[in-house]
Amino acid sequence: DEHLVPGRRGRVQRLDRWPDRLVAALGTAEPTLELVANLAVNGYTTDDLIRHELPALDELEPGFVSVQIGVNDVVRGRSPGSSIANVGAILDGLARRVGPGRVVTVAVPDYTVTPAGADYGDPRRQHDAIVAVNQAIAREAADRGIAFVDIFDVSRMAGEDRTLVANDGLHPSGQQYGLWVERIAPVVGRLIGRA
């Protein structure tokens, strides 16, 4: 899932995306890190990631992959079983391509606390579904020796601090992404030998 910060006239401010912030946070030490691609697409489900993004990795040949997926499965009311099966297939596909120690999974944020969150289903039910998805992702990642970073509690802070919500009233702001990266960067740093 792509969580982007709208810029002027709906454009995305590239440097506010958490993958870009992550690369910047990890520094410029040699060898230089480069964001080869951000394949995430706003609205993608686990099915879309399997169908479109996994095959794209074969051409890119990345040395490290981050993945955050599942929120749109919740929004669309997919059964937890099919989403979890897809997460397993995604993690297996990533591990085959780059190795399990070169993958980090990031928890799904809780959009239900945002001003527009109720537009995407009953907040209590959606919150519970997001919790279940995150538990499943953490379990599936652990079973494969893949790192999992939990940013769920940070996303919940947006219920009290609206500076953590983008102008669209739904997605995380650049400020929230910065808080995510504070958690993600040390984990990735260890995995790639930068910590």
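Figures for the structure shown
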{"read-out": "Average Cα contact separation per residue, the stretch 16-106, under 8 Å, 6 or more apart, as relative contact order %", "value": "31 percent"}
{"read-out": "Estimated vicinal HN-Hα couplings, Hz - the stretch 107-112 in sequence order (Karplus 6.51, -1.76, 1.60; Gly, Pro = x)", "value": "4, 7, x, 8, 6, 5"}
{"read-out": "Segment A37-D119, length gained on full extension (0.36 nm per residue, minus Cα span)", "value": "26.5 nm"}
{"read-out": "When the convex hull of its Cα atoms is projected in every direction, mean area for the stretch 90-174 (nm²)", "value": "6.0 nm²"}
{"read-out": "Cα gyration tensor, the stretch 54-195 - rounded (a/c under 1.5), prolate or oblate", "value": "oblate"}
{"read-out": "Karplus-derived HN-Hα couplings along the stretch 164-173 (A = 6.51, B = -1.76, C = 1.60, θ = phi - 60°), whole Hz, x at Gly and Pro", "value": "8, 10, 5, 4, 6, x, 10, 7, x, 7"}
{"read-out": "Size of charge dipole - the stretch 46-91 - debye, nearest 20, with Cβ of Lys, Arg +1 and Asp, Glu -1, no other charges", "value": "300 debye"}
{"read-out": "The chain, relative contact order in percent, only Cα pairs under 8 angstrom and at least six apart counted", "value": "25 percent"}
{"read-out": "Most positive-pole-ward Cα, V133, L170, G93, against dipole of the chain from beta carbon charges", "value": "L170"}
{"read-out": "FRET efficiency, 1/(1 + (r/R0)^6) with R0 30 Å, evaluated for V187 and E61 via beta carbons", "value": "0.85"}
{"read-out": "The chain, accessible area per residue, ligands and nucleic acids excluded (1.4 Å, Å²)", "value": "50 Å²"}
{"read-out": "Span from the the stretch 65-120 Cα centroid across to the the stretch 121-195 one, whole angstrom", "value": "11 Å"}
{"read-out": "Gyration tensor verdict on the stretch 59-104 (Cα atoms; rounded if a/c is under 1.5, prolate if a/b is larger than b/c, oblate otherwise)", "value": "prolate"}
{"read-out": "Helical segments meeting 15 Å axial Cα length and Kyte-Doolittle -0.5 threshold in the chain (DSSP H)", "value": "80-98, 174-192"}
{"read-out": "Area accessible to solvent at L26, 1.4 Å probe radius, in Å²", "value": "30 Å²"}
{"read-out": "Cut-off under 5 Å, modelled amide H: who pairs with V165 long-range", "value": "S173"}
{"read-out": "Taking the stretch 132-189 and dividing mean pair separation by its residue count, relative contact order in percent (alpha carbons under 8 Å, at least six apart)", "value": "25 percent"}
{"read-out": "Sulfur and carbon atoms: percent of accessible area, the chain [1.4 Å]", "value": "50 percent"}
{"read-out": "Dipole magnitude of the chain about its Cα centre (Cβ charges: Lys, Arg +1; Asp, Glu -1), debye to nearest 20", "value": "160 debye"}
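The values are calculated or read from the model by the stated rules, or taken from the named source; none is laboratory data. Predicted model, so just to flag it, every value in this text is computed and none were measured. Glycine also receives a Cβ, built like all others from the backbone with ideal geometry; neighbour counts cover every protein chain displayed. SASA here: full protein model, heavy atoms, side chains in, ligands and nucleic acids out. Shrake-Rupley method; radii C 1.70, N 1.55, O 1.52, S 1.80 Å.
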